[in-house]
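Here the structure is laid out as structure tokens; the discussion comes afterwards.
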Amino acid sequence: MKFLRVLPLLLLTGLFVNAYASSFVIQDIEIEGIKKIAVGTVLNYLPVKTGQSFDYARSPEVIRELYKTGFFNNIEVYQDNNTLLIKVEERPAIAAVNVEGNKEVNDEVMQDALKQIGMTKGKIYNPKLLEKLEQELQQLYYSLGKYSIRLQATATELDEDRVQVDINISEGSPARIRSINLIGNQDFDEEELLDEFKLEATDSAWFAADKYSSAKLSGDLETLRSFYLDKGYVRFNVDSKQVTITPDKKDINISINMNEGEQYRISDIQLTGELVVEESELTALLLFREGDNFSRKQISSSIKLMQRRIGDEGYAFVNINTLPEINDEDKTVSLTLLVQPGKKMTVRNINFEGNTKTRDYVLRRELRQFEGAQYSESKISRSKIRLQRLKFISSVDTRLVKVPENPDLLDVVVKVTERFSGSFTIGAGYSQAQGALFNLGLTHDNIFGSGNRLGITFNNNKAQEQYEFSYTNPYYTPDGISRGISASYTKTDASEANISNYLLDRIKLSLKYGIPLSEYNKIHFSFGLENNDISISEFSSDEVTNFIIDNNEDYESGSNPSGDSYDMAFASMSFSNDSRNRLIFPDTGSLNSVGVEVYGGDLDFYKAFFRHQTLFPVFQGVTFSFKNRLGYGEAYNETTDLPFFEKYTAGGVRTVRGYDYNSLGPKDSKQQSFGGNFQFVTNLELLFPVEALGSAESFRLGVYFDAGNVFADVDDFEGQELRASVGLSAKWFTVVGPIELSYAEPVNDESGDDTKNFQFSLGAPF
């Protein structure tokens with residue numbers, strides 16, 4: 001056998017053994033020694049092919065290219081007649097990579113970092129990667145402010161073909177930001193600019209975000225740039241930044257050198273390109289005019305408005321480029337907006353992702369964009385909001401996918417994230433207002449993925465025992481008419497609920513319909529029967545006793561009744577206008593609802609209400625909410641007054657926080673809360689998420705102002721009698737229902753008011 005052998009060591013030193021000087025034409029290539037790597041993979045890396053001429057001078061090239069793969073410890077090249085024979089010794093494979101001590105970097109991020117380096121299970125082990133691995137992980141931790149990081153990566157042979165890699169990490173304490181210094185700002189003081197930053201110095205505030213991160217610093221620098229560009233400083237520039245760490249690696253000082261430049265105004269605005277919508281209509285959408293200060297934010301917002309308007313004409317991929325001409329002498333900017341609408345598109349398919357529980361048709365019926373129809377930006381946006389308003393959907397994202405074979409078609413992919421929508425519960429607990437609790441039941445807002453709601457519950461507390469069955473089909477008809485049925489039995493000890501002393505047993509049956517009038521408007525009807533069985537005692541107030549006597553012909557004045565029973569039929573009608581973007585923690589839109597409920601039978605009375613809520617984002621993640629509630633009830637025919645068990649109450653988490661449940665308003669002869677015929681409650685609240693305590697979809701903290709009271713009648717309303725409070729709240733949407741905690745400080749309580757600073761409630765509406 002004629003052979004040529006070249007050792008790796010000789011290759012690296014540039015010395016080669018000329019064991020066979022003649023060349024030959026390669027008729028075949030054989031690879032020996034491979035176990036884990038496919039032959040085809042090795043052949044793909046070779047710089048020679050069959051049919052080519054080969055001699056010893058090309059051997060270094062062959063060995064070099066195979067070594068570059070990192071797959072082999074040793075490579076030998078032979079000639080066997082006209083066959084090129086390559087013998088290799090494979091490096092072992094990685095059997096496992098064990099990481100210990102990583103707390104700041106979660107496992108998913110760590111695995112991504114290892115994957116990028118090539119240090120994952122099943123990969124060929126390359127010893128040179130261990131040093132690179134340590135360097136890369138060290139840089140990763142440095143970017144997170146962990147400068148005292150210590151880590152060690154070791155490889156242990158399990159057998160000749162496998163190794164195990166162990167990475168031990170000691171993260172240490174993060175470096176804290178001692179100071180952030182801005183240099184070069186003249187028109188804005190440092191405090192105002194630093195308010196825009198996410199990073200903070202340790203002594204700047206309680207619970208300061210003083211943990212250094214290079215990514216957050218980069219984000220803050222971009223925020224700083226945006227701040228100046230939004231105010232017209234088009235030549236603003238961050239000249240340099242310095243991040244210095246103290247010798248003990250515990251503190252960081254940040255210095256940012258900037259050049260503000262001067263403020264520029266807009267001298268001219270032009271719309272060019274393919275104007276598929278009238279220029280005057282697009283110009284009306286601009287949030288700026290000639291002579292205004294240049295503002296990148298206003299320009300971006302205006303472009304979005306124009307893209308949406310053009311998108312309603314079927315153009316899904318509208319591109320609007322801003323072409324500024326800066327005049328440094330006049331300190332002006334001439335703006336040209338180049339409109340490129342692209343092609344008018346038709347929606348081919350709408351596909352859902354993420355709905356593992358909810359049936360496809362339940363989501364599809366909420367869509368306002370239809371398959372086979374022209375694309376509409378507004379209809380896509382409205383479809384997204386309607387899906388978000390489903391209680392069992394927490395978030396919705398949409399993306400557009402072009403159809404490669406047809407440039408006029410696109411597919412819409414709707415990705416939904418489902419939230420908990422029901423449970424079987426059995427449990428016990430304690431509520432401040434209700435005392436000891438016991439509950440048993442099944443509630444589900446998306447039973448069997450149908451979008452229908454089923455409730456079978458039993459609740460028991462010191463004031464009330466309740467059994468209820470309910471079922472609602474939100475699409476009883478394809479047009480969106482809803483129908484619901486419910487039956488309940490409730491036993492109430494009113495004295496345990498901070499109101500007049502009486503016992504009430506109620507049986508109620510009802511049938512409800514909801515009829516959509518438009519995209520935002522809906523009318524509701526309900527019909528039903530109700531029996532109320534009242535029991536009183538010597539501890540009941542004169543007002544309760546007199547109502548029973550006055551509304552029963554069998555009793556005379558001065559009688560001593562033990563109670564009464566009232567059979568009634570009722571009907572209600574309400575109208576609502578609801579533009580909120582979701583039902584749980586909405587952040588935009590409003591709700592206005594007005595309605596009346598009329599009872600007839602043994603007692604004749606009606607109750608009317610008006611409810612309002614407005615929401616809008618103050619800044620990212622923070623929502624302002626304003627609520628207002630009015631309620632009024634009155635008797636008619638021979639009934640003397642609104643029944644005492646139907647009167648309005650106030651106080652507690654659901655009305656005026658800081659005052660005990662149902663404690664506000666008129667008192668009865670026993671100095672217990674009696675309730676009133678007129679209720680007024682208003683609430684102002686700032687809500688913001690706290691990621692450390694829960695996701696934005698399930699948890700919010702709030703700062704609020706409440707005011708309200710109930711009055712004997714609408715004529716008795718006096719503004720000075722409204723009770724008010726300020727405080728903090730925490731709201732969770734949990735598997736057992738919504739929970740609200742609040743700490744309130746009454747601001748105008750008077751002698752005799754029953755105040756409660758800390759209150760909590762299970763099932764409070766958000």
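The values are calculated or read from the model by the stated rules, or taken from the named source; none is laboratory data. No experiment lies behind these values; they were computed from the predicted model shown. Here the Cβ is made from the backbone with ideal geometry for all residues, glycine too, and neighbour counts use every protein chain on show.
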- Message: Every residue in segment 340-368 that is under 30 Å from Leu286 (Cα atoms), out of contact with any Ser or Thr (no Cβ under 7 Å at 6 or more places or on another chain) and either surrounded by 17 or more Cβ atoms within 10 Å (Cβ to Cβ) or of a type in the set (Gly, Ala, Ser) (or both), please.
- Response: Pro341, Gly342, Met345, Thr346, Val347
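Yes/no per residue for (1) of a type in the set (Lys, Arg); (2) within 30 Å of Ile536 (Cα to Cα); (3) surrounded by fewer than 17 Cβ atoms within 10 Å (Cβ to Cβ); (4) at pLDDT below 95:
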| position | (1), (2), (3), (4) |
| --- | --- |
| Phe610 | no, no, yes, no |
| Val618 | no, no, yes, yes |
| Gly631 | no, yes, no, no |
| Glu634 | no, yes, yes, no |
| Gly652 | no, yes, no, yes |
| Asn662 | no, yes, no, yes |
| Gln672 | no, yes, no, yes |
| Gly675 | no, yes, no, yes |
| Gln679 | no, yes, no, no |
- Message: Restricting to segment 74-103, name every residue that is of a type outside the set (S, T, N, Q), surrounded by fewer than 19 Cβ atoms within 10 Å (Cβ to Cβ) and not in a strand (DSSP E or B).
- Response: Pro92, Gly101, Lys103
- Query: Looking at segment 49-71, is at least one residue over 30 Å from Glu134 (Cβ atoms), among the small types (Gly, Ala, Ser) and surrounded by 15 or more Cβ atoms within 10 Å (Cβ to Cβ)?
  - Reply: yes
- Quick one: Gln759 ticks every box in (1) modelled with pLDDT under 85; (2) farther than 16 Å from Lys627 by Cβ; (3) surrounded by fewer than 20 Cβ atoms within 10 Å (Cβ to Cβ) bar one, so which box is it? (3)
- Task: Can you tell me which residue within segment 330-349, out of those that are in a strand (DSSP E or B) and among the charged types (D, E, K, R), is farthest from the chain's Cα centre (by Cα)?
- Result: Lys344
- Message: Taking the conditions exactly as written (touching a helix residue (DSSP H, G or I) at 6+ places or on another chain (Cβ under 8 Å) and at pLDDT 75 or above), does Arg483 satisfy them or not?
- Response: no
- Query: Which of the residues belonging to segment 718-740 are modelled with pLDDT under 90 and closer than 15 Å to Leu686 by Cα?
  - Reply: Lys731, Glu740
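Residue-by-condition table, conditions (1) surrounded by 18 or more Cβ atoms within 10 Å (Cβ to Cβ); (2) among the β-branched types (Val, Ile, Thr); (3) not in a strand (DSSP E or B):
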| position | (1), (2), (3) |
| --- | --- |
| Pro174 | yes, no, yes |
| Phe197 | yes, no, yes |
| Ser218 | no, no, yes |
| Ser226 | no, no, yes |
| Ser240 | no, no, no |
- Query: Has segment 630-652 got any residue that is more than 20 Å from Asp713 (Cβ to Cβ) and out of contact with any His (no Cβ under 8 Å at 6 or more places or on another chain)?
  - Reply: yes
- Query: Within the bounds of segment 154-162, is there any residue that is within 30 Å of Gly219 (Cα to Cα) and either over 32 Å from the mean Cα position of the chain (by Cα) or exposed (fewer than 14 other Cβ atoms within 10 Å of the Cβ) (or both)?
  - Reply: no
- Can you name the residue in segment 683-706 that is surrounded by 18 or more Cβ atoms within 10 Å (Cβ to Cβ) and closer than 16 Å to Asn628 by Cβ and, of all such residues, is farthest from the chain's Cα centre (by Cα)? Asp706
- Conditions (1) outside any strand (DSSP E or B); (2) more than 18 Å from Ile499 (Cα to Cα); (3) at pLDDT 95 or above -> Leu642 fails only (2)
- Here the qualifying pairs (Cβ atoms under 6 Å; residues six or more apart or on different chains; first in segment 163-174 and assigned by TED's automatic domain parsing to the domain that holds Leu140; second of a type in the set (Ser, Thr, Tyr) and part of a strand (DSSP E or B)) come out as Gln164/Thr156; Asp166/Thr154
- Query: Is it the case that some residue within segment 312-329 is under 24 Å from Tyr233 (Cα atoms), outside the structural domain of Phe370 (by TED's automatic domain parsing) and not in a strand (DSSP E or B)?
  - Reply: yes
- Across segment 264-292, what is the total count of residues that are of a type in the set (S, T, N, Q) and buried (at least 16 other Cβ atoms within 10 Å of the Cβ)? 1
- Take Ile266 and decide whether it is closer than 30 Å to Glu171 by Cα and assigned to a strand (DSSP E or B). no
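Answer with yes or no whether Phe352 is part of a loop (DSSP other than H, G, I, E, B) and either aromatic (Phe, Trp, Tyr) or free of Cβ contacts under 8 Å to residues at least 12 places away in the same chain (or both).
no
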- Message: Can you tell me which of (1) surrounded by 13 or more Cβ atoms within 10 Å (Cβ to Cβ); (2) of a type in the set (Lys, Arg); (3) out of contact with any strand residue (DSSP E or B) (no Cβ under 8 Å at 6 or more places or on another chain) is the one Lys211 doesn't meet?
- Response: (3)
- Query: Taking into account only those residues within segment 315-333 that are out of contact with any Leu (no Cβ under 9 Å at 6 or more places or on another chain) and of a type in the set (Ser, Thr, Tyr), which is surrounded by the most Cβ atoms within 10 Å (Cβ to Cβ)?
  - Reply: Tyr315
- Residue that is surrounded by the most Cβ atoms within 10 Å (Cβ to Cβ), among those in segment 25-48 that are within 51 Å of the chain's Cα centre (by Cα) and among the charged types (D, E, K, R): Lys36
- Given the conditions (1) in a loop (DSSP other than H, G, I, E, B); (2) surrounded by 14 or more Cβ atoms within 10 Å (Cβ to Cβ); (3) at pLDDT 85 or above, report the number of the one that Asp187 does not fulfil. (2)
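Rundown of residues vs (1) polar (S, T, N, Q); (2) modelled with pLDDT under 95; (3) over 30 Å from Lys344 (Cβ atoms), yes/no style:
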site	(1), (2), (3)
Asp220	no, yes, yes
Asn253	yes, yes, yes
Asn257	yes, no, yes
Arg265	no, no, yes
Phe294	no, no, yes
